[in-house]
Structure formats: C-alpha cells, structure tokens
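One structure is given here, and the rest of the page talks about it.
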Amino acid sequence: ITLPIILPGVISGAFLAFTLSIDDIIISFFTTGPGSTTFPIKVMELTKTGVTPDVNALTTLVLVVTIGITVLTQRKKRV
C-alpha cells in the first residue's frame, strides 16, 4: 500500500541520483579503482584529446534518454 504512494518520490530520487552521478567528475576521479573507468571519466578523457564523434554520440544518447523519460513520466502523470 505504501509503495504506490511513495513511488513518484522514489523515481524522482533515482533520476536525481543519476543526474548527479554524471556531474561529479571529481568524485568519480578520486574514487575509481585501478582498471575501472566510469562514464564521466571516459567522457572527460575523450574531451581532453579533442571532441570526437564518440563524445557527440554519448552526449546525444544521454540527452535522448533523459528527454524520453521526461516525456513518458509527463504522459503517465496526465493519465
């Protein structure tokens, strides 16, 4: 009974955590172990050597997924 009531808050928290995890390059840089590369670190490495189509594709993919999730939640909210 409680989960359906708090579900919008849980989903919002998940989106906020995802957004903040992409933004925290400094924290990701200092907390990753040897041999592991996170998404923010990979994007940072690719932009240091020059903006390549890989960076553009990753950015477009993240943008499309974010817009898609936003549109889906807004449609579900109206129904």
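Surface exposure of the chain, expressed per residue as accessible area with a 1.4 Å probe, stands at 83 Å².
Ignoring everything except DSSP H segments at least 4 long, calculate the 222 nm mean residue ellipticity for the chain; use -39,500 (n - 2.57) per segment, divide by total residues, nearest 500.
When only DSSP H runs of four or more count, the value is -27500 deg cm²/dmol.
For the chain, the membrane-span-like helices by this rule, meaning whole DSSP H stretches whose C-alpha atoms cover at least 15 Å of axis and whose Kyte-Doolittle mean is 0.5 or above, are 2-23, 53-78; this says nothing about an actual membrane.
Of the solvent-accessible surface of the chain, computed with a 1.4 Å probe and all protein chains present, 72% belongs to carbon and sulfur. Against the set [x] 14.9; [y] 13.9; [z] 13.3, the structure's computed Kirkwood radius over Cα pairs in Å falls on [x].
Since only I26, P53, S36 are under comparison, the one whose Cα sits farthest along the positive direction of the charge dipole of the chain, derived from C-beta charges on Lys, Arg, Asp and Glu, is P53. Here the chain is assigned +1 on the Cβ of each Lys and Arg and -1 on the Cβ of each Asp and Glu. Its dipole about the Cα centre then comes out at about 460 debye.
The values are calculated or read from the model by the stated rules, or taken from the named source; none is laboratory data. Because the structure is predicted, anything quoted here is derived from the model rather than measured. Counting neighbours? That spans all protein chains shown, and the Cβs are built from the backbone with ideal geometry, glycine included. Areas reflect the complete protein model, heavy atoms only, side chains present, ligands, DNA and RNA absent. Shrake-Rupley method; radii C 1.70, N 1.55, O 1.52, S 1.80 Å.
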